[in-house]
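Read the structure below first, then the notes.
Throughout, read-outs are computed from the coordinates displayed, never taken from laboratory work. Quantities reported herein were computed from a predicted structural model and do not represent experimental measurements. Glycine gets a Cβ as well: all are built from the backbone with ideal geometry, and neighbour counts include every protein chain shown.
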Amino acid sequence: MKVHNDLNKLPSFRNAVVTIGSFDGVHEGHQMIIRKMNRLARDIDGESVLITFHPHPRLIIYPKDDSLQLITTIDEKIQLLERYELDHVVVVPFTVEFSQQSADEYIQQFLVNRFQPHTIVIGYDHRFGAGRQGDINYLKAHGEESGFEVVEIKKHEIEDIAISSTKIRKALEQGKVEDAARLLGHYFTLTGTVVHGQQIGNKIGFPTANLEVSQPQKLIPPNGIYAVRVHHHDKIYGGMLYIGDRPTLKEYNNQTIEVNVFQFDQEIYGDKLKLELVGFIRSDSEFKGLEALSQQLERDRESALQKLKNLQEQAAESAKAKPTVNVVILNYNGRQWLEKFLPVLRETTYAPCHLIVADNGSSDDSLQFLAETHPDIRRIDLGGNHGFAKGYNLALDRVDGDYTILLNSDVEVTPDWIEPMIELMERDATIAACQPKIRSYHQKDHFEYAGAAGGWLDILGYPFCRGRIFSVTEPDTGQYDGTQEIFWATGAALCIRSRLFKQIGGFDPDYFAHAEEIDLCWRLKRAGYKIMVRPRSLVYHVGGGTLQYNTPGKTYLNFRNTLFTILKNEPVTKLLWLLPLRFALDFLAGALFLAQGKFSHIRSIVRAHWSFLPKVRHTWRKRKQCQEWIDQCSISDTPNLTAQHRRSIVWQFYVRGIRRFNQL
């Protein structure tokens, strides 16, 4: 991350995705905006640019208002922003002259001339220019003229940010630093320079470093003793912080901020210290002399040490308790995809995570390539091409772990793609499987065919997605960014509880490829479980890298396996009318292919039916076996039919002309 403090020395930004704001505290609401910016920048091969101001605009516009309290100083803010993979932070010197720019000058001379923005990410209520004359609609109008896009941060997101900031300040004002840390996503910090004090601490066996906080507007928690982590020259020490006016020492009746650093004996006058407040110990009190104060400080030190020890143990336990995730790639002649995407996959931040490549009888040099370039990645040689379904069944029989992610070899992941899914599933034991948001690798602002933002099923058993209906994929403008229950999760990036995959019977090996994930998810939903999409997790799919779309082979598997899935999972009473209707609709599909001159696809439909009909009795026996698996792991007396569309998607697409999921 590069930090710029001089507007006259800014670089030429590449496809800049810009956001503007105070970002005081850099709390979880702000972090959500930063993640959105970074995703947008990655999509267009651009750079993320966060613009903030110093001093705070209120200090310039309302100089007599002394009520402003900041969660972070400008230096603390920049240190926090470094955690979130921004490309640039620009600290704009906020002056009276800057505040007097008109809205037009602000847009043209400041935003356009200095940043050349491709996209501006901004709140719905953002105001700018002298007298706050500019708003988001004004910005959008200028964007059309100047060639930049405006991405609006919705009202509920802005309100969530404001509520979070209010809650954080209230918690800090009450000394509830643990509550503040949960809302911030990090500890509240105090940063200051070590200055000379009265050396009272030395006299009673508790030497302290007195801190001078340079920014008067910095929020200071109430008087008392706090357990802290002390940062000095890239090292971290435990300590206890005192904030107060020293009522026991009436001759020194002024507020002081001083820290006793444990196991530390250095001369540090003039040095900077950063304190992370991890726990409140007690309020400030008056004692009967220095001896009584010393005795109490001894007890305080024990309390602080215990809090710090608990914190360390919790961190260790949390790391130990984190579920194990196995990412399993089923490879068939995919050396080019392994070479391209494994280095990116290796940057995954989740731990413990194990990468496994199961080879499905490749005739290329995939296994040799893995052995030479990624020898630490576990390899499973399946000894032949068993198809997607049976291949994964065989591979997962040899894999242990809490969660398994089935990942296509032609998928590019983002570094933190696993955490949101596991965090969601750990919170809710009724979630059996989850998928990330799937965008197109070749058109990164669009959803990808295989899964998009989560799979649905219509009343007749036709699958479609949030963001993709039949062959029409939508651009992703954030319209489906909410975490939501779906009917089926894509096999291109399917996160599933390992235990449930095996208990519910895994994939049906007769499918070979295509629709096996729908059948699997349908069984899980019949057992009462949820299938979810977690759009905060994002991956990019080449599509067709392992099984080409729009080919006769795909058409054959599509029609055949969909009939298998319906026969295995729909109620008997529904099958009596649904199967004949599906046969008729398949005939109409053949007529459509005939009109398009796709004769090989017509043959594929005929082949699919000739393959399905002789296997009806065999599939019916499997239906009974599936019911036994469902009964063994069921958590509900009734199936979970959430995300089954109660109308015909065929009718809505071809007759009513609906092309977008949010129009349904």
List, largest first, the extents of the alpha carbons of segment 2-163 along their principal axes, each in whole Å. 43, 36, 34
Express in whole angstrom the spacing between the alpha-carbon centres of segment 563-618 and segment 347-420. 33
Mind sorting Met421, Met32 by how few other Cβ atoms lie within 10 Å of their own Cβ, fewest first? Met32, Met421
Using amide H atoms built 1.01 Å from N in the peptide plane, name the residues 5+ places from Thr208, or on other chains, whose amide H lies under 5 Å from its own. Gly201, Asn202
Within the P(r) computed for segment 187-320, what percentage of the Cα pairs occupies the region above 22 Å? 34
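Provide the percentage of antiparallel DSSP beta bridges, counting only those with both residues in the chain; round to the nearest 5.
Working: 57 of 106 bridges.
Here the share of antiparallel DSSP bridges comes out near 55 percent.
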I need the calculated FRET efficiency for the pair Thr349 and Ala429, taking r as the beta carbon distance and R₀ as 25 Å, to the nearest 0.05. 0.55
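For the pairs Lys176/Lys309; Lys167/Lys444; Lys176/Lys274; Lys235/Lys307; Lys64/Lys154, flag any whose C-alpha to C-alpha distance is greater than 28 Å.
Details: Lys176/Lys309 19 Å; Lys167/Lys444 37 Å; Lys176/Lys274 19 Å; Lys235/Lys307 19 Å; Lys64/Lys154 33 Å.
Over 28 Å apart, Cα to Cα: Lys167/Lys444; Lys64/Lys154.
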Can you pull the Rg over Rh of segment 394-444, Cα-only, Kirkwood? 1.00
Tally the DSSP beta bridges in segment 2-163 and give the antiparallel ones as a percent, rounded to 5. 5
Quick calc: nm separation of the 7 Å Cα→Cβ label points for Val96 and Leu576 -> 8.7
Among 485-493, 630-638, 68-76, how do they line up from the highest to the lowest mean number of other beta-carbon atoms within 10 Å? 485-493, 68-76, 630-638
Please state the charge dipole magnitude for the chain, taken about the Cα centre, from unit charges on C-beta atoms (+1 on K and R, -1 on D and E), reported in debye and rounded to the nearest 20. 2880
For Asp410, residues with placed amide H under 5 Å, excluding near neighbours: none
If a/c stays under 1.5 just call it rounded; otherwise compare a/b with b/c (prolate if a/b is bigger, oblate if not). Do that for the chain, with a ≥ b ≥ c from the square roots of the Cα gyration tensor eigenvalues. prolate
Computed lengthening from Val650 to Arg379, 0.36 nm per intervening residue step minus Cα-Cα distance: 93.3 nm
For Leu68, the residues 5 or more places away or on another chain with a placed amide H closer than 5 Å to its own amide H are none
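Sorted by mean Cβ packing within 10 Å, highest first, what order do the peptides 343-350, 430-437 take?
Top of the packing list down: 430-437, 343-350.
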In what sequence, highest mean first, do 571-581, 330-340 appear when ranked by Cβ atoms within 10 angstrom? 330-340, 571-581
222 nm [θ] for the chain, helices only, -39500 (n - 2.57) per DSSP H run of 4+, per residue, to 500? -11500 deg cm²/dmol
How high is the FRET efficiency from Arg127 to Met1, r the C-beta distance, R0 22 Å, rounded to 0.05? 0.20
Can you compute the modelled spin-label distance between Ser294 and Phe264, with each label point 7 Å from Cα toward Cβ, in nm? 2.2
Whole angstrom only: what separates the Cα centroid of segment 1-40 from the Cα centroid of segment 128-154? 17
Between segment 206-240 and segment 264-303, what is the C-alpha centre distance in whole Å? 10
May I ask you to derive the FRET efficiency for Ile74 and Leu585 from their Cβ-Cβ distance with R0 = 60 Å, giving the value to the nearest 0.05? 0.40
